[in-house]
């Protein structure tokens, strides 16, 4: 083979190798981009004070359980929270026939919150103490937490909590975050109303002390 032919063949080989490498980079870039797109910005990693909430894997979450503004007809005033336990959805009434809707996890049969209530307290990265009923029911799981658990990423209440009162009485039920986002849309929580952590932060920012909460059981509001 002549020198010129050898040089030409070498150039083609180098260019071919570069094309393969660049093609590989493009494929990897495409995969990374797809991963980013698969997590909506509402559920991306979130820095909140000294804590960093991880992005939420929503691949196993029903799209109807994700935060979204929807048409909603109600006689409740703006700012009211309406909880539909059967549908596992919470609505924040916005007016003009609209509401912000969030997917929720609710208490098992016999434990689900029932009635109307008022939000009398709000807390960021709240301290948590299991109720006496919880400790009696599952002493191995909750007995050692009688003095409570400090706020943090491992706390069952998550980054925010809204405390429900009926008159002056603390109902002991909370609207809060969760360390188990895969449970949203299910009846698993011990009596409380849980949201995806990014969702409870969003709801918390929109809700004021004194807001009314209405719980709907079996298609009708239950008052106490």
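Every number here is computed from the coordinates shown, using simple stated rules; none is lab data. Keep in mind that what you see is a predicted model, and the values were worked out from it rather than measured. With ideal geometry, Cβ positions are generated from the backbone for all residues, glycine too; neighbour counts draw on all protein chains shown.
Tabulated data
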{"item": "Proxy reagent accessibility, fewest Cβ within 10 Å first, across 65, 135", "result": "135, 65"}
{"item": "Extension gain from residue 64 to residue 188, taking 0.36 nm per residue of separation minus the Cα-Cα distance", "result": "42.8 nm"}
{"item": "25 Å tail of the calculated P(r), the range 53-221, as % of Cα pairs", "result": "26 percent"}
{"item": "Full-stretch length increase - residue 96, residue 217 - with 0.36 nm per residue and alpha-carbon distance subtracted", "result": "41.1 nm"}
